[in-house]
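Shown next, in structure tokens, is the structure this report addresses.
The values are calculated or read from the model by the stated rules, or taken from the named source; none is laboratory data. Keep in mind it's a predicted model, so treat the numbers as computed, not measured. No Cβ is skipped: glycine too gets one built from the backbone with ideal geometry, and neighbour counts run over all protein chains shown. Remember, those area values only see protein heavy atoms, side chains included, never the ligands or the DNA or RNA. Shrake-Rupley method; radii C 1.70, N 1.55, O 1.52, S 1.80 Å.
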Amino acid sequence: MIKYILVVFVASTLLAGCDLGANSPRGFSLPEGDIDKGKAVFVRHQCTDCHTMEGINVDENHVYHISKPVPLGGSSGRITTYGELVTSVINPSHKLTRRQPLSVTSEDGVSLMRNVNDELTVSELIDLVTFLQSTYKVVPYRTSEYRLYQLRMPEKPEQGQKSKLN
């Protein structure tokens, strides 16, 4: 009986997590952006003051605004979706890892990332997110390999013969 209750509870919890109502990312989609324009937005808005990224070069005398720049791009154990990237740009305090050094957060745990919501146009945001997404090397989930079976149809008996299935 306890196992049954536990199974029902776990199943209910999982099903409830599938629909977050108004907070659900279901249906969220941005138009296709331009990677090169997004890279220009990244540089123009001085994202390199706090971030490092492969393929974005800074002067050797470049001074970062934080003690340890936050790297962007590269391999990711989880899929970095458009929604996650958009949220990271427009609401950087939304999902901070506890491993981030104190230099990237205020005393109350809020991100020190400059708010660019009033500076970016929607088109620039779309291009920036397209650029950022292109820099992540997403490691796809390894699926199980299943052998393909060939479907064999029973032979039709010739007229006057009995079927082998009878």
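Any residue that is farther than 26 Å from Arg44 by Cα, exposed (fewer than 10 other Cβ atoms within 10 Å of the Cβ) and at pLDDT below 65 - is there at least one of those in region 133-140? Yes, there is a match, as at least one residue in region 133-140 is farther than 26 Å from Arg44 by Cα, exposed (fewer than 10 other Cβ atoms within 10 Å of the Cβ) and at pLDDT below 65.
Residue count for region 76-103, restricted to those that are open to solvent by 70 Å² or more (accessible area, probe 1.4 Å) and at pLDDT 80 or above: 2.
Scanning region 104-132 for residues that are charged (D, E, K, R), open to solvent by 30 Å² or more (accessible area, probe 1.4 Å) and modelled with pLDDT of 90 or more yields Asp118, Glu119, Glu124.
Out of curiosity, is Val58 in contact with a helix residue (DSSP H, G or I) (Cβ under 9 Å, 6 or more places away or on another chain), surrounded by fewer than 10 Cβ atoms within 10 Å (Cβ to Cβ) and at pLDDT 85 or above? Let's see the steps before the verdict.
On the way: in contact with a helix residue (DSSP H, G or I) (Cβ under 9 Å, 6 or more places away or on another chain): yes; surrounded by fewer than 10 Cβ atoms within 10 Å (Cβ to Cβ): no; at pLDDT 85 or above: yes.
For Val58, the condition - in contact with a helix residue (DSSP H, G or I) (Cβ under 9 Å, 6 or more places away or on another chain), surrounded by fewer than 10 Cβ atoms within 10 Å (Cβ to Cβ) and at pLDDT 85 or above - is not met.
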